[in-house]
Amino acid sequence: MALTLRDVAVTSTSVAATSSKKEKVTRLAALLRSAGDDELPIVVGLLAGLPRQGRIGVGWALLGSIDPPPGIEGGTRTVAEFDCLLDELAALAGEGSTTARAERLSRFLAETAPDEVELVRRLLLGGLRQGALEGLVLDALAAATDTAPAAVRRALMLAGDLAAVATIARQGEGALAGVHLVVGRPLRPMLAATSPDVATAVDELGLASVVWKLAGARVQVHRHHDQVSIFTRNLNDITARLPDVVELVRRLPGHAAVLDGELIGLNETAAEQMTPHLFQDTISRFATRRSGGDAIALSPFFFDCLHLDGTDLVDRPLHERLAALDRAVGRYAVTRVVTDDATAAARFSADALQRGHEGVMVKALDAPYAAGRRGSAWRKVKPVRTLDLVVLAAEWGHGRRQGRLSNLHLGARDPSGPDRFVMVGKTFKGLTDALLTWQTEQLLARQHSTSGITVHVRPELVVEIALDGVQRSVRYPGGVALRFARVRRYRDDKDPAEADTIATVRALLAGAGTDEVDRDGS
């Protein structure tokens, strides 16, 4: 019998209801085991919150435009039908595509049961929160196919395609072992944990490579003779956007390489000092196909080498990969120092910050490249910025946060008048269950109006927000938006009149940076 969206929704709800990792894996594996060969690659992506089509141009605005509310009459749709819908939506482009997406989606949802509609909404908006996304889904896939979790994870590392790995896993462990690095096929990037300071990172890792953390867009570059491909952190192919980078890579020594690095825009007056443009200026150029004229030229700088001239290096220790990197890219290697001296590393970090970079990465010299994982062998060290802001509104949550106010609308103080605040961003990160409960009670007591899922409140609560920087924004009236904001604590010791001003927030533009997140600009 064909699997339905209701099957996925029931499993997702069941998984969210248990805190046991073992039980989550068992329930996920049961659904995957019941999937047909054609359904398995679809279902594994849905359970991980990662439909194979990726981003398809559907967001809150489009979903909110669909009227009347869908799913009231309801029916049951199969996962295969939903997959076909996503293919259709992804294929729509150009003038009128937004209207066409809304019409096609509306027709689909009108024949879909309410519980399935909610699943579709969460999948399209990237909001599937069930306490078990890709990591546990991989363990469940291994259980469902009687293969080793390590074999599944390694295959995904090298193939970069969850749906493809699901199909291979059903063929057995021997098939998984046959997955290998292919130049031109992107690998999932290795990610970093966080250390509070350089000294801690060096003390824990010992002799390490300390490298500038550039304020740019992470890329993976594949070269086979004159064929060059450039991929984002999320494995999107952006080669066509960057002809200048393609030509530069073709001029590098050797004939085949897979390189991990960053693209940054350098100030021409200080290019030798590697002084970067603001992150937002770099990412704006990165997001378009524009080049030449007054466009910011993007320069590649690399910090790892995963393949060189026929030799795979992902399993080699970092010191071997760095030696290969120097041979492959020469002066386009990111500046680094090898040390076990915390004081020397701190001086190197201070110099990086002085030059306008985000901080440093500290990397264990004996560690292999753990693609697709956030391990302890790489540590990012960046200054932590905080702002005291005022809560202006909050949105009702869903999934685990159903029935509680979650996504906060944050405002900075406008000194031009009493009780004036300018919205600068939103966040739902950093909120524990206890804080969500307290926050909901406090905000409802201050409610003055509602609009859709948003509850607007009197600006009385001050919250301390940690952030990685800010960027220019046309979305918010203050012209600036927070980047990677998360709640640290509520400041019951502060009145709204003591909140940070919009001028303070704007002043952070000069230090805007990035994090290990998707930066493909799409």
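The values are calculated or read from the model by the stated rules, or taken from the named source; none is laboratory data. All values reported here derive from a predicted model rather than from experimental measurement. Heads up, the Cβs are rebuilt from the backbone with ideal geometry, glycines too, and the neighbour counts pull from every protein chain shown. For accessibility, only protein heavy atoms count, side chains too; no ligands or nucleic acids. Shrake-Rupley method; radii C 1.70, N 1.55, O 1.52, S 1.80 Å.
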Tell me which of these VAL179 doesn't satisfy, since it passes every other one: (1) touching a strand residue (DSSP E or B) at 6+ places or on another chain (Cβ under 9 Å); (2) open to solvent by 10 Å² or more (accessible area, probe 1.4 Å); (3) outside any strand (DSSP E or B). (1)
All but one of (1) of a type outside the set (S, T, N, Q); (2) within 21 Å of the chain's Cα centre (by Cα); (3) within 30 Å of ALA9 (Cβ to Cβ) hold for GLY403, so report the exception by its number. (2)
Go through region 208-240 and count every residue that is closer than 21 Å to ARG250 by Cα, of a type in the set (A, V, I, L, M) and buried (at least 23 other Cβ atoms within 10 Å of the Cβ). 4
Regarding region 219-238, can at least one residue be identified that is at pLDDT 95 or above and either of a type in the set (Lys, Arg) or under 24 Å from PRO149 (Cβ atoms) (or both)? yes
Starting from region 312-328, take each residue that is free of Cβ contacts under 8 Å to residues at least 60 places away in the same chain and under 17 Å from ALA370 (Cα atoms) and list its partners that are among the charged types (D, E, K, R) and open to solvent by 10 Å² or more (accessible area, probe 1.4 Å), counting only C-beta distances under 7 angstrom and pairs at least six apart or across chains. LEU313/GLU320; PRO317/ASP366
Only residues that are at pLDDT below 90 and either in contact with a His (Cβ under 9 Å, 6 or more places away or on another chain) or of a type in the set (Val, Ile, Thr) (or both): list them for region 138-158, please. LEU158
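ARG185: closer than 30 Å to ILE238 by Cβ, surrounded by fewer than 23 Cβ atoms within 10 Å (Cβ to Cβ), among the basic types (Lys, Arg) and in contact (Cβ under 8 Å) with a residue 24 or more places away in the chain, yes or no? Write out each step before concluding.
Values: closer than 30 Å to ILE238 by Cβ: yes; surrounded by fewer than 23 Cβ atoms within 10 Å (Cβ to Cβ): yes; among the basic types (Lys, Arg): yes; in contact (Cβ under 8 Å) with a residue 24 or more places away in the chain: yes.
Answer is yes for this residue.
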Which condition number in (1) at pLDDT below 95; (2) more than 24 Å from the chain's Cα centre (by Cα); (3) assigned to a helix (DSSP H, G or I) is the one that VAL245 fails? (2)
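Being assigned to a helix (DSSP H, G or I) and within 26 Å of the chain's Cα centre (by Cα) is the filter; apply it to region 188-204 and report the residue that is surrounded by the fewest Cβ atoms within 10 Å (Cβ to Cβ).
Residues of region 188-204 assigned to a helix (DSSP H, G or I): 198-204.
The next check asks that each one be within 26 Å of the chain's Cα centre (by Cα); those that pass are 198, 200-201.
On the way: VAL198: 24, THR200: 14, ALA201: 28.
Across region 188-204, the extreme among qualifying residues is THR200.
Restricting to strands (runs of 3 or more DSSP E) lying wholly in region 305-406: which have 1 or more residues that are modelled with pLDDT under 95?
On the way: elements: 336-339, 359-364, 374-381, 385-396.
Answer list for region 305-406: 359-364, 374-381, 385-396.
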Determine the pairs where a residue that is touching a residue at least 12 places away in the same chain (Cβ under 8 Å), located within region 218-246, has a partner that is open to solvent by 60 Å² or more (accessible area, probe 1.4 Å) and hydroxyl-bearing (Ser, Thr, Tyr) with Cβ atoms under 7 Å apart, the partner being 6 or more residues away or on another chain. ASN236/SER522
Selection count where residues are within 20 Å of LYS22 (Cα to Cα), surrounded by fewer than 24 Cβ atoms within 10 Å (Cβ to Cβ) and touching a Pro at 6+ places or on another chain (Cβ under 9 Å), scope region 139-176: 3
Among the residues of region 373-405, the number that are touching a Ser or Thr at 6+ places or on another chain (Cβ under 9 Å) and surrounded by fewer than 15 Cβ atoms within 10 Å (Cβ to Cβ) is 1
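Taking VAL43 as the residue in question, decide whether it is open to solvent by 20 Å² or more (accessible area, probe 1.4 Å), β-branched (Val, Ile, Thr) and modelled with pLDDT of 70 or more.
Numbers: open to solvent by 20 Å² or more (accessible area, probe 1.4 Å): no; β-branched (Val, Ile, Thr): yes; modelled with pLDDT of 70 or more: yes.
Taking the combined requirement at face value, the residue does not satisfy it.
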